[in-house]
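Okay, so here's the structure we're looking at.
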Amino acid sequence: MLKPLIIGIGELFWDILPDRRFVGGTPVNIVYHAMKQGAVAHLVSTIGDDEDGHDMRAELYRKGISDKYVETAPALPTGTAGMVLSGDTSKYELNYPAAWDLVQYTTELEILASHADAICFGMLPQRKEVTASTIMNMLEDAPKECLRIFDMDMNSGFHSKTAIQNSLRLCNILKLNDEEL
């Protein structure tokens, strides 16, 4: 039996806490857990040609996550999400722009999408047109039976009516919480 092909596309950043940092972003979490369940899983994103980007590749390798579809954008920094504490609450501040804002659609991604069993994507990586367009192209090029899983994530600090409408039009599974509903 063939293993399902799961794709996580979008943001990839260093989650920076007061005492440590770790690889973050919904796509990398999806890919990691899909692999642990026996699926073939690929991360599609972009990192900077900087120390954080080099460290990111090393950490992906350490976790057993392929960086085959993780491109390098020399002009932009690798993504970061720094935790900001305010009283009893915390929030993340994302650098902008970041390398994952420039996920370019390529022939390799078109071929990958055409074999996908599931593609997971979110609202946050659609904050810039380049990555938003790549996501939409991958969803349109995926097989009809492919699961298209949209994480609305309205808490990310970015959302637009157009991105929401396009994502809802192309998804067949929607993840949202009570607050987002």
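The values are calculated or read from the model by the stated rules, or taken from the named source; none is laboratory data. Keep in mind that this is a model prediction, so the values were computed, not measured. Using ideal geometry, Cβ is built from the backbone for each residue, glycine included, and neighbour counts are taken over all protein chains shown. Protein only, heavy atoms only, side chains kept; ligands, DNA and RNA dropped before computing areas. Shrake-Rupley method; radii C 1.70, N 1.55, O 1.52, S 1.80 Å.
Values for this structure:
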item: Label selected from (1) 205; (2) 127; (3) 103, the criterion being volume of the Cα convex hull per residue in Å³ as computed here; result: (2)
item: Distance-filtered residues of the range 92-114 - backbone nitrogen under 19 Å, label point 7 angstrom along Asp49 Cα→Cβ; result: 97-106
item: Protein accessible area in the chain, 1.4 Å probe - carbon and sulfur %; result: 52 percent
item: 10 Å Cβ shell holding at most 11 others, DSSP loop, trypsin sites (Lys or Arg not before Pro): longest site-free stretch of the chain; result: 69-143
item: Residues of the range 72-97 with amide N under 17 Å of the 7 Å Cα→Cβ point at Glu180; result: 92
item: The chain: calculated mean residue ellipticity at 222 nm from DSSP helix runs of at least 4, using -39500 (n - 2.57); result: -9000 deg cm²/dmol
item: Counting DSSP beta bridges with both ends in the range 1-139, the antiparallel % (nearest 5); result: 40 percent
item: Inter-centroid distance (Cα atoms) of the range 118-154 relative to the range 32-56, Å; result: 17 Å
item: Fully extended contour minus Cα-Cα distance, from Asn155 to Leu17, at 0.36 nm per residue; result: 47.9 nm
